[in-house]
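One structure is given below, encoded as structure tokens.
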């Protein structure tokens, strides 16, 4: 099955972080990107160097240096990123005359599947993914709040049930009969004996 490479995943995470800061025109240091997105810093350096060479990001050295997207996020498609990293366009293979018909058929089906995948990648921009990420974070925040409220409610209900259970146990356990204490004073017993 086709899987997303870690290189592509890390690249998207880094570009998403840069896309968030693009409107402010703020250069992000590599350390900040690596920390926020949990990407190994040495690996991120290689990725950003490749992106800089391909023209997707701009970099500046120095104390105030860092990385910035070269174009607005709505102009950078996932296909463009994938081509930069993997060279997808160069994967078209020529059909060899010595191949069997079965192999040719499999290759044609694979190319059709790859073409469909490339169409999907071409349909998404960094802006689209940033927007979807924000929506998911809002939904997650709402879900977490609901879960916290449910937990508080369940805790309160549990406390009420435990309180009721304790009260039920107290009434359900038969009490021992009261024993009347009869005080016998030594004076009375002495008088009766004499």
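Annotations
- Residue selected from the stretch 24-48 under the condition surrounded by fewer than 11 Cβ atoms within 10 Å (Cβ to Cβ) and not in a helix (DSSP H, G or I), by the criterion nearest to the chain's Cα centre (by Cα): 38
- Among the residues examined, residue 132 does not qualify as surrounded by 10 or more Cβ atoms within 10 Å (Cβ to Cβ) and modelled with pLDDT under 70.
- Condition check for residue 3: over 14 Å from residue 73 (Cα atoms) and surrounded by fewer than 19 Cβ atoms within 10 Å (Cβ to Cβ): yes
- The requirement of being closer than 26 Å to residue 87 by Cα, assigned to a loop (DSSP other than H, G, I, E, B), at pLDDT 90 or above and out of contact with any strand residue (DSSP E or B) (no Cβ under 6 Å at 6 or more places or on another chain) is fulfilled nowhere in the stretch 4-12; no residue meets it.
- Test: residue 188 is in contact with a helix residue (DSSP H, G or I) (Cβ under 7 Å, 6 or more places away or on another chain), modelled with pLDDT under 65 and part of a helix (DSSP H, G or I): no
- Among (1) touching a residue at least 24 places away in the same chain (Cβ under 8 Å); (2) exposed (fewer than 15 other Cβ atoms within 10 Å of the Cβ); (3) out of contact with any strand residue (DSSP E or B) (no Cβ under 7 Å at 6 or more places or on another chain); (4) under 17 Å from residue 131 (Cα atoms), the one test that residue 74 misses: (3)
- Scan of the stretch 84-129 for residues that are in a loop (DSSP other than H, G, I, E, B) and modelled with pLDDT under 85, ordered by number: 87, 92, 93, 94, 95, 96, 97, 98, 99
The values are calculated or read from the model by the stated rules, or taken from the named source; none is laboratory data. The structure presented is a predicted model; accordingly, all values stated were derived computationally and were not measured. Quick reminder, even Gly has a Cβ in these numbers, built from the backbone with ideal geometry, and neighbours come from all protein chains shown.
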